[in-house]
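The values are calculated or read from the model by the stated rules, or taken from the named source; none is laboratory data. Everything numeric here is computed off the predicted structure, so don't read it as measured data. Quick reminder, even Gly has a Cβ in these numbers, built from the backbone with ideal geometry, and neighbours come from all protein chains shown. Side chains included, ligands, DNA and RNA excluded: accessible areas come from the protein's heavy atoms. Shrake-Rupley method; radii C 1.70, N 1.55, O 1.52, S 1.80 Å.
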2 protein chains.
Amino acid sequence: MENTDKRRELQVSAIENGTVIDHIPAKSVFQVVKILGLEDSTEQILIGTNLESKKYGRKGIIKLANRFFEHDEINKIALAAPSATLIVIRDYQIVEKTKVDIPDQVVRFVRCVNPNCITNYEKIATKFIVIDKEEIRLECHYCEKVTDKTNMVFI
Amino acid sequence: MENTDKRRELQVSAIENGTVIDHIPAKSVFQVVKILGLEDSTEQILIGTNLESKKYGRKGIIKLANRFFEHDEINKIALAAPSATLIVIRDYQIVEKTKVDIPDQVVRFVRCVNPNCITNYEKIATKFIVIDKEEIRLECHYCEKVTDKTNMVFI
């Protein structure tokens with residue numbers, strides 16, 4: 001019996017220093033992988049998806065050794081995974097735990113859905129006002145067209 | 001001390017039924033994710049990359065609940081990750097452990113590098129003879145051009 005019980009749990013090393021992104025909607029896990037450029041990382045990464053979560057249905061989790069996030073990257077994570085929690089680990093201890101927050105404005109890293117928008121043919125950074133933080137709807141500061149979750153492209 | 005020790009190990013549920021792909025070269029982990037279509041899976045998936053491995057340098061591992069592979073998919077895994085081991089789990093027990101094996105022929109799932117090859121403009125399945133299993137070099141049965149690891153595209 002003891003052997004069987006042991007097999008049901010696999011030991012995975014916890015990270016010494018880094019960030020855990022928890023409560024990612026399962027369908028957004030690989031989008032977060034992509035926008036954070038994790039495919040090319042040489043640091044340890046653990047990813048789980050379609051895990052059971054009472055609160056969020058099926059969730060994903062990403063554990064990143066030696067990676068810490070600042071404003072722009074946190075905003076990107078928030079747009080792709082508004083329910084995400086960021087847990088900062090130092091020396092194996094949780095030193096910070098925060099829910100990501102959708103910003104009021106999104107500058108630079110999302111493409112405007114309108115092909116005729118000035119930001120798509122001149123070298124001007126995109127800029128949006130977030131008009132709906134639940135459904136994630138971004139109104140372009142320049143052309144006023146609305147980019148939403150279904151057509152959001154990160155640049 | 002006990003608390004500190006506990007924090008160093010995180011318990012992750014083992015899979016009841018499914019397949020573990022171990023010993024994936026770290027740089028090929030997300031390629032394997034892509035060729036197996038895991039981005040769209042609704043089953044539990046655990047992925048680790050850049051993990052320490054005495055034998056293989058930095059390795060990756062992918063654990064897939066309720067997923068079992070057959071010939072074509074195993075051949076795809078072999079081409080992307082020739083060092084991979086497939087471990088089949090049933091009722092929490094390892095029931096099969098095999099090293100993937102580069103096939104002698106590759107039919108259908110790799111694109112020929114030659115844009116003028118008949119397989120690229122007519123509806124003909126690609127077919128290659130594997131002329132180098134170490135470096136992974138595939139000679140096209142139709143145009144004899146060689147497709148290798150650096151320009152291999154899975155279709």
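Of A:Thr119, A:Thr147, A:Thr85, all but one fail to be within 22 Å of A:Phe69 (Cα to Cα), open to solvent by less than 70 Å² (accessible area, probe 1.4 Å) and polar (S, T, N, Q); the exception is A:Thr85. Checking B:Ile155 against (1) open to solvent by 80 Å² or more (accessible area, probe 1.4 Å); (2) modelled with pLDDT of 95 or more; (3) of a type outside the set (Gly, Ala, Ser), which single condition isn't satisfied? Failed condition: (2).
Only a single item in (1) more than 29 Å from A:Lys63 (Cβ to Cβ); (2) in contact with a helix residue (DSSP H, G or I) (Cβ under 6 Å, 6 or more places away or on another chain); (3) not hydrophobic (A, V, I, L, M, F, W, C) is not met by A:Pro103, and it is number (1). Here B:Tyr56 passes the criteria (1) under 27 Å from B:Thr147 (Cα atoms); (2) open to solvent by 80 Å² or more (accessible area, probe 1.4 Å); (3) in contact with a strand residue (DSSP E or B) (Cβ under 7 Å, 6 or more places away or on another chain) except the one numbered (2). Here A:Val95 meets each of (1) surrounded by 13 or more Cβ atoms within 10 Å (Cβ to Cβ); (2) more than 19 Å from the chain's Cα centre (by Cα); (3) among the β-branched types (Val, Ile, Thr) with one exception, condition (1).
Answer yes or no as to whether A:Phe30 is in contact with a Ser or Thr (Cβ under 9 Å, 6 or more places away or on another chain), modelled with pLDDT of 90 or more, surrounded by 15 or more Cβ atoms within 10 Å (Cβ to Cβ) and within 9 Å of another protein chain (Cβ to nearest Cβ).
On the way: in contact with a Ser or Thr (Cβ under 9 Å, 6 or more places away or on another chain): yes; modelled with pLDDT of 90 or more: yes; surrounded by 15 or more Cβ atoms within 10 Å (Cβ to Cβ): yes; within 9 Å of another protein chain (Cβ to nearest Cβ): yes.
Considered against the rule, which asks whether it is in contact with a Ser or Thr (Cβ under 9 Å, 6 or more places away or on another chain), modelled with pLDDT of 90 or more, surrounded by 15 or more Cβ atoms within 10 Å (Cβ to Cβ) and within 9 Å of another protein chain (Cβ to nearest Cβ), A:Phe30 comes out as yes.
Among strands (runs of 3 or more DSSP E) lying entirely in the range B:10-83, which contain 3 or more residues that are of a type in the set (S, T, N, Q)? It would help to see each step written out before you state the result.
On the way: elements: B:18-25, B:45-53, B:57-65.
Result: B:45-53.
If you check B:Ile47, B:Ile21, B:Ile77, B:Ile87 for being in contact with a Gly (Cβ under 9 Å, 6 or more places away or on another chain) and touching a residue at least 40 places away in the same chain (Cβ under 8 Å), only one passes: B:Ile21. State which residue is farthest from the chain's Cα centre (by Cα) when the search covers only the range B:33-64 and only residues that are at positive phi and more than 9 Å from chain A (Cβ to nearest Cβ). Within the range B:33-64, the match that is farthest from the chain's Cα centre (by Cα) is B:Gly57.
The single condition from (1) more than 17 Å from B:Asn75 (Cβ to Cβ); (2) surrounded by fewer than 17 Cβ atoms within 10 Å (Cβ to Cβ) that B:Asp104 fails is (1).
Only residues that are touching a helix residue (DSSP H, G or I) at 6+ places or on another chain (Cβ under 8 Å) and among the hydrophobic types (A, V, I, L, M, F, W, C): list them for the range B:39-50, please. Once the filter is applied, which keeps residues that are touching a helix residue (DSSP H, G or I) at 6+ places or on another chain (Cβ under 8 Å) and among the hydrophobic types (A, V, I, L, M, F, W, C), the range B:39-50 yields B:Ile45, B:Ile47.
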